[in-house]
Amino acid sequence: MPHIPDGLNTLILCCLQKEAAKRYQAAEELVAGLSAVEQGLPLTDRILTRAKTKIRASREITVKLAPRKFIIPAIAALVIVSAAVIFFLTRGPQYDPKRIIITPFENQTGDRSFDSLGRMISERITQVLISSGIATVVQLPQSEETSKPPKPEFVRAAARESGAGTHVSGSFYAQQRAITIQAGVSNIRAGRLVKTIGPVSAPQEEPGKAVEEISQKVAGALAMVFDQRFVSQTESGHLPTFEAYRAFAQGQELFHRFEFQKAMPYFLKSLELDPDFKSPLISIIMGYYNQGHMEKAEEFAREAEKSREKLAKIDQLKLDMIISDLRGDWAGDLKATREAARLYGAGSMIFNWALAALNSNLPREALEALSKLDPERIWMKDWWGYWEVMTGAYHMLGEHKKELQAARRGRQQYSGVMLVLYFEAYALAALGRTAELEKLIDESYGLAPQGSFPGDFFVPIPEGGLNSAYVMIRSAEFLRARGYKEQSQKLLGRAIEWLEARPQQEKETPYSRSQQALAMYDSENWEGALALYSELAKEAPENIGYTRYLGCLAARLGIRQEALRIAKQLEELKRPYLFGQHTYARACIASLLGEKETALRLFREATAQGIPYWDYFYRDMDIEPLRDYLPFKEFIKPKG
């Protein structure tokens, strides 16, 4: 080619080499080569003066101005396309990890009478894998001695022909009147062992027990390896039997649909089927925590700590996270989830990192974490919490249009979920788009109330409690916080009407009455709210939410000594798992009493004890006296 430097010709020939070893081994090498060629190009004027005509057309002027801008990328594209063609013509066989070759296990007993056991093991593993449906087993052509493992070159040839990417092999030996079996899983393409399974043992008179156990363990190990939800749990720690894996996987499906109570029996069953498989134990702890059963979560956490060395690294980090949460320690949670993200780069701990960042007043970091997840992928497809964190982060940053866009994307994915509708509702409230918000409330009437949801310390939400009234009251609070008080009052009136129209049996429940009390409080019906909260507090004196509102009502009604008495009562609470609720309640009372410095100090303490930055500080009307207080504004300002 004229005017193409020798260096570029050499580069192209290198890319087109048939043998892979003679081609560039990394993209960086190709880029460096192109850069070297570019530096060696002659100046434009030297090229153009070779032309015989003295009149320059517009095309020549363009070349004069920026020849490298067009020539090098075009040549680079040609090189890359050519290299791709050669690569796809010469890249060799394709290996599918889910196509498996299983060979007879090697007899290391020294007793030829056990030779048939090697084939018995491989055949039983084949049967279990086929029945499980987790992979395709490649049938090998018969070798001369079918009871012995074939030679490595025989396996490699079969893999090239069949596309199998995984090889299961192993051995067995005799020890103290027992037969012991060990299996290995190899990556055929890489030519390396990736997992060892076992050993398992049984009496020589009953080798079938060991055969069945190793078969179940091989199937369980492969199921975990092939299941993208659990990849990180296979890197260390005990791998389960197939039946234990299956129970665990069923539990996880329910867990990620927030059906924690339904998931628990599956986790317990998995633990019973294979006591050495500890991942279900971590899920049990998290399930109890998410249901608000802190004592049970603590009990199982202590049990997990006793066998910490048996936990996969990812499960150790999950344990650290949940223990931090039980202490109200967002910093500890953030440390554990950041480390999990660094080590594994994907999975549910990325979401937990985002959640911890959000609760730690780091909404930008929360968005960074979410950017590493695909909400449509594997376990995330049933996890609407992704959209809760994303909309919350944008709200904290004041980017309410992005918040609304995210909420609507979430609703496309979860059109029938009440809580996801709520995400859109508070985004509309933040923007003051009340006409759209009213239509959304109309739509909520057609949705089923959502199940148990651990979403509010001060109004605990029971099974089926996340209803249209919840959406209306919380949206009204966001409206008021953004300065739309008149619209907020109108929406609260609608919530009260909805609650009054409920069936009598439902209206008499403590939760329905607490919703009525809160709607009255938010609509500034102090006397009505006081009467209801007084009744509720007599029935449940341990409820911090009821006590908090009685203290705030006393402050609003000018009964200062009563407000201070209730604040002192809250200060003296010593029971575990308060997570800063009592301190936050004291801060609200102080705020309403005009004690700004005390209120801010208590809010700082409350966040250190476990109160999240999202979402109370963005909707709670008891904070209004502090909204323009500069130290408070600096306190809630996002830090990252």
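THR391: under 18 Å from ARG409 (Cβ atoms), polar (S, T, N, Q) and either modelled with pLDDT under 95 or assigned to a helix (DSSP H, G or I) (or both), yes or no?
On the way: under 18 Å from ARG409 (Cβ atoms): yes; polar (S, T, N, Q): yes; either modelled with pLDDT under 95 or assigned to a helix (DSSP H, G or I) (or both): yes.
Taking the combined requirement at face value, the residue satisfies it.
Considering only the range 183-192, state which residues are in contact (Cβ under 8 Å) with a residue 12 or more places away in the chain and either within 16 Å of GLY110 (Cα to Cα) or open to solvent by 60 Å² or more (accessible area, probe 1.4 Å) (or both). Quick ask: steps written out before the conclusion?
Kept after step one, since they are in contact (Cβ under 8 Å) with a residue 12 or more places away in the chain, are these residues of the range 183-192: 183-189.
Result: ARG189, single match.
Hey, among the residues in the range 561-577 that are open to solvent by 60 Å² or more (accessible area, probe 1.4 Å) and modelled with pLDDT of 95 or more, which one's farthest from the chain's Cα centre (by Cα)?
Step one: list which residues in the range 561-577 are open to solvent by 60 Å² or more (accessible area, probe 1.4 Å), which gives 561-562, 564-565, 568-569, 571-572, 574-576.
Restricting the remaining residues to those that are modelled with pLDDT of 95 or more gives 561-562, 564-565, 568-569, 571-572.
On the way: GLN561: 47, GLU562: 45, LEU564: 43, ARG565: 43, LYS568: 40, GLN569: 39, GLU571: 36, GLU572: 38 Å.
The extreme case among them is GLN561.
Just to be sure I understand, how many residues within the range 421-437 are open to solvent by 50 Å² or more (accessible area, probe 1.4 Å) and among the acidic types (Asp, Glu)?
Qualifying residue count for the region: 1.
Would you confirm, using the coordinates I've provided, whether GLU527 is of a type outside the set (Lys, Arg) and under 24 Å from HIS582 (Cα atoms)?
Details: of a type outside the set (Lys, Arg): yes; under 24 Å from HIS582 (Cα atoms): yes.
Here the answer is yes, as GLU527 does meet what is asked.
Identify the residue in the range 154-181 that is in a strand (DSSP E or B) and either open to solvent by 60 Å² or more (accessible area, probe 1.4 Å) or among the β-branched types (Val, Ile, Thr) (or both) and, among all such residues, is farthest from LEU117 (Cα to Cα).
As a first pass, look at the range 154-181 and keep what is in a strand (DSSP E or B): 164-175, 178-181.
Checking the rest, the ones that are also either open to solvent by 60 Å² or more (accessible area, probe 1.4 Å) or among the β-branched types (Val, Ile, Thr) (or both) come to 166, 168, 173, 175, 179-181.
Details: THR166: 22, VAL168: 16, TYR173: 11, GLN175: 16, ILE179: 10, THR180: 12, ILE181: 10 Å.
Among those residues, the one meeting the criterion is THR166.
Looking only at helices (runs of 4 or more DSSP H) that lie completely in the range 578-640, which have at least 3 residues being under 30 Å from the mean Cα position of the chain (by Cα), farther than 25 Å from GLU524 by Cβ and not polar (S, T, N, Q)? Reasoning before the result, please.
Values: elements: 581-592, 596-609, 630-636.
Helices (runs of 4 or more DSSP H) meeting the threshold: 596-609.
Would you please name the residue that is modelled with the highest pLDDT, looking only at residues in the range 257-298 that are under 17 Å from the mean Cα position of the chain (by Cα) and open to solvent by 30 Å² or more (accessible area, probe 1.4 Å)?
TYR289
So ILE350 clears everything in (1) open to solvent by 10 Å² or more (accessible area, probe 1.4 Å); (2) closer than 18 Å to VAL231 by Cα except one condition, right? Which one?
Of (1) open to solvent by 10 Å² or more (accessible area, probe 1.4 Å); (2) closer than 18 Å to VAL231 by Cα, only one is false for ILE350: (1).
Name every residue in the range 229-256 that is over 19 Å from GLN316 (Cα atoms), open to solvent by less than 30 Å² (accessible area, probe 1.4 Å), in contact (Cβ under 8 Å) with a residue 60 or more places away in the chain and in a helix (DSSP H, G or I), in order of residue number.
PHE242
Where in the range 497-560 are there helices (runs of 4 or more DSSP H), lying fully within it, with 3 or more residues that are open to solvent by less than 40 Å² (accessible area, probe 1.4 Å) and touching a residue at least 12 places away in the same chain (Cβ under 8 Å)?
510-522, 526-539, 544-556
Being surrounded by fewer than 16 Cβ atoms within 10 Å (Cβ to Cβ) and assigned to a helix (DSSP H, G or I) is the filter here; which residues of the range 477-488 pass it? Break it down stepwise before answering.
The first filter runs over the range 477-488 and keeps only residues surrounded by fewer than 16 Cβ atoms within 10 Å (Cβ to Cβ), leaving 483, 485-486.
The answer is LYS485, GLU486.
When you go through (1) touching a residue at least 40 places away in the same chain (Cβ under 8 Å); (2) under 30 Å from LYS402 (Cα atoms) one by one for ALA312, which number turns out not to apply?
With (1) touching a residue at least 40 places away in the same chain (Cβ under 8 Å); (2) under 30 Å from LYS402 (Cα atoms) applied to ALA312, the lone miss is (2).
Read through the list (1) in contact with a strand residue (DSSP E or B) (Cβ under 7 Å, 6 or more places away or on another chain); (2) within 21 Å of PRO240 (Cβ to Cβ); (3) in a helix (DSSP H, G or I); (4) free of Cβ contacts under 8 Å to residues at least 40 places away in the same chain, then give the number of the only condition that ILE121 fails.
ILE121 satisfies all of (1) in contact with a strand residue (DSSP E or B) (Cβ under 7 Å, 6 or more places away or on another chain); (2) within 21 Å of PRO240 (Cβ to Cβ); (3) in a helix (DSSP H, G or I); (4) free of Cβ contacts under 8 Å to residues at least 40 places away in the same chain except (4).
Can you find a residue that is closer than 30 Å to ARG112 by Cβ and not in a helix (DSSP H, G or I) anywhere in the range 205-217? Step through it out loud before you land on a result.
Step one: list which residues in the range 205-217 are closer than 30 Å to ARG112 by Cβ, which gives 205-217.
Then keep just the ones that are not in a helix (DSSP H, G or I); that gives 205-206.
Yes, the range 205-217 contains a residue that is closer than 30 Å to ARG112 by Cβ and not in a helix (DSSP H, G or I).
Looking at (1) within 18 Å of PHE114 (Cα to Cα); (2) open to solvent by 20 Å² or more (accessible area, probe 1.4 Å); (3) touching a Ser or Thr at 6+ places or on another chain (Cβ under 8 Å), which is the only condition VAL200 fails?
The number of the failed condition is (2).
Which residue pairs have Cβ atoms under 6 Å apart, sit 6 or more places apart or on different chains, and have a first residue in the range 135-151 that is farther than 13 Å from ASP115 by Cβ and a second that is part of a loop (DSSP other than H, G, I, E, B) and at pLDDT below 65?
Sorted first by the residue in the range 135-151, then by its partner, the pairs are PRO150/SER143.
Can you pull out every residue in the range 355-366 that is buried (at least 22 other Cβ atoms within 10 Å of the Cβ), assigned to a helix (DSSP H, G or I) and not small (Gly, Ala, Ser)? I'd like the intermediate steps shown before the answer.
Filtering the range 355-366 down to residues buried (at least 22 other Cβ atoms within 10 Å of the Cβ) leaves 355-359, 362-363, 366.
Those still in the list that are assigned to a helix (DSSP H, G or I) too: 355-359, 363, 366.
Passing the criteria: LEU355, LEU358, ASN359, PRO363.
Regarding the range 404-420, can at least one residue be identified that is in a helix (DSSP H, G or I), touching a Lys or Arg at 6+ places or on another chain (Cβ under 7 Å), open to solvent by 10 Å² or more (accessible area, probe 1.4 Å) and at pLDDT below 95? First the steps, then the outcome.
Step one: filter the range 404-420 for residues in a helix (DSSP H, G or I), giving 404-413, 418-420.
Still in the list and also touching a Lys or Arg at 6+ places or on another chain (Cβ under 7 Å): 420.
Going one step further and asking which of them are open to solvent by 10 Å² or more (accessible area, probe 1.4 Å), we end up with none.
No, that holds for no residue.
Are any of the residues in the range 212-219 without any contact (Cβ under 8 Å) to a residue 60 or more places away in the chain and on the phi > 0 side of the Ramachandran plot?
Kept after step one, since they are without any contact (Cβ under 8 Å) to a residue 60 or more places away in the chain, are these residues of the range 212-219: 213, 217.
Filter again for on the phi > 0 side of the Ramachandran plot, leaving none.
Within the range 212-219, none of the residues are without any contact (Cβ under 8 Å) to a residue 60 or more places away in the chain and on the phi > 0 side of the Ramachandran plot.
The values are calculated or read from the model by the stated rules, or taken from the named source; none is laboratory data. Note that the coordinates shown come from a computational prediction; the quantities given were computed from them, not determined experimentally. Positions of Cβ are generated from backbone atoms using ideal geometry, with glycine treated the same way; all protein chains shown enter the neighbour counts. Side chains are part of the model used for accessible areas, which takes the heavy atoms of the whole protein and leaves out ligands, DNA and RNA. Shrake-Rupley method; radii C 1.70, N 1.55, O 1.52, S 1.80 Å.
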